[in-house]
Amino acid sequence: APSNFVPLHRTKWRIASRTDKGVHAALAAVSFKMETWPEQLEDPKALTPPTHHSSGGGAARAIAGASGGAGGGDGGAGGGGGVQAVASSLVKPTEVQLSQAEIARINGYLPNDVRLLGAARVRGAFEPRECASSRSYEYLLPAWALGSLSLREFDDILRTFEGTKRYHNFCSGLRRYSGDWHSASNPSLSWPLALPDAKPPPASFRSVLRCAVQRRVAIQDVEYIVIGIHGVSFVLHQIRHMIGAALAVAHGHSQVDLIQIGLSSPFEVDVAPLAPGCGLLLDEIRWFHPAGEDEVVFSQTTHDAARLLKEETIYPHIHSLYQKDQVL
């Protein structure tokens, strides 16, 4: 509708998540206020229940899902947008959604590596970033990067990160040191403290719900493993340091015991080199309403479009960056 453009600030554009330089936002989301005509909306009876949960965009106060080939990283400024999917039970799609014909029309104005995948109406007080209940990322890693380690062994290392733990040793910017700090349990310990032992800052604690190998994929005859990381929230460079720590163990430069110490103590433990940003992509943001269900659920058509775009555009782009920059 013409009223969506003048004045433009009335749309109140809000992003749901940010990404760092060199990291991709494959399936992120934005919200905005938008007026629509009835013919631009999908008939609720035509919506097919998805086999995945997801959240995205729409009418009145809307959240729009789009997907982009390349963008930012785990905790900075970047690009992309989108629909998100994680395996779950069948649920009823949100009834007010933008029609597939209207989505196709909008995509006609966008470059091929940026796609609008779905849009649906949300409640008026909805804020996509503040209301997000969890975020999921994927990390594509060339299979040869595991060295002699088996997939099962590497998966066991990754699962060390699951749970609510201290992540000051696996991010950028949280470690501090003061000569006034000491270990209340044993002041003679030789390892330096990176956090005050008596009162560690809440920002150092993060909840990782899943960190595991998801599947294998072949991209232009090169085998990759897809690592899935699902958490409530993440701090700067956290996922890249987690992957770097797991690779350090895989190549014999560290041990799982040291990772566990770094996650459970206030000490400064240097076991987490920074993995390349080119393999990381934001895969899903979910908004769980206190009433007990996801705020927005897209149809199966939207999920299929998201999966296809990742396989045909984003994964090959990540592969080209690995080949071009020789980052591992």
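The values are calculated or read from the model by the stated rules, or taken from the named source; none is laboratory data. Predicted model, so just to flag it, every value in this text is computed and none were measured. Here Cβ is always computed from backbone atoms with ideal geometry, including for glycine, and neighbour counts include all displayed protein chains. Protein only, heavy atoms only, side chains kept; ligands, DNA and RNA dropped before computing areas. Shrake-Rupley method; radii C 1.70, N 1.55, O 1.52, S 1.80 Å.
Quick rundown of the values:
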item	result
Selected residue (criterion: farthest from Pro128 (Cα to Cα)) from residues of segment 2-20 that are touching a strand residue (DSSP E or B) at 6+ places or on another chain (Cβ under 6 Å) and either in a helix (DSSP H, G or I) or not basic (Lys, Arg) (or both)	Asn4
Complete set of residues in segment 21-30 that are in a loop (DSSP other than H, G, I, E, B) and either over 14 Å from the mean Cα position of the chain (by Cα) or surrounded by fewer than 24 Cβ atoms within 10 Å (Cβ to Cβ) (or both)	Lys21, Gly22
Test: residue in segment 222-244 that is open to solvent by 70 Å² or more (accessible area, probe 1.4 Å), at pLDDT below 95 and not hydrophobic (A, V, I, L, M, F, W, C)	no
Restricting segment 159-187 to residues that are surrounded by fewer than 20 Cβ atoms within 10 Å (Cβ to Cβ), under 19 Å from the mean Cα position of the chain (by Cα) and assigned to a loop (DSSP other than H, G, I, E, B), the residue that is modelled with the lowest pLDDT	Ser172
Test: residue in segment 248-264 that is surrounded by 18 or more Cβ atoms within 10 Å (Cβ to Cβ), modelled with pLDDT of 85 or more and within 18 Å of the chain's Cα centre (by Cα)	no
Total residues in segment 265-297, condition loosely packed, with under 15 Cβ neighbours inside 10 Å and at pLDDT below 90	6
Complete set of residues in segment 298-326 that are open to solvent by 60 Å² or more (accessible area, probe 1.4 Å) and out of contact with any Asp or Glu (no Cβ under 9 Å at 6 or more places or on another chain)	Thr301, Asp304, Arg307, Leu308, Glu311, Glu312, Gln323, Lys324, Asp325, Gln326
Filtered residue count, segment 130-158, keeping only those that are more than 21 Å from Ile285 (Cβ to Cβ) and surrounded by 15 or more Cβ atoms within 10 Å (Cβ to Cβ)	10
Residues of segment 1-20 that turn out to be within 30 Å of Tyr137 (Cβ to Cβ) and open to solvent by 60 Å² or more (accessible area, probe 1.4 Å), as a count	5
Segments classed as helices (runs of 4 or more DSSP H), wholly inside segment 221-328, with at least 2 members that are under 28 Å from Asn112 (Cβ atoms)	238-250, 300-309, 315-325
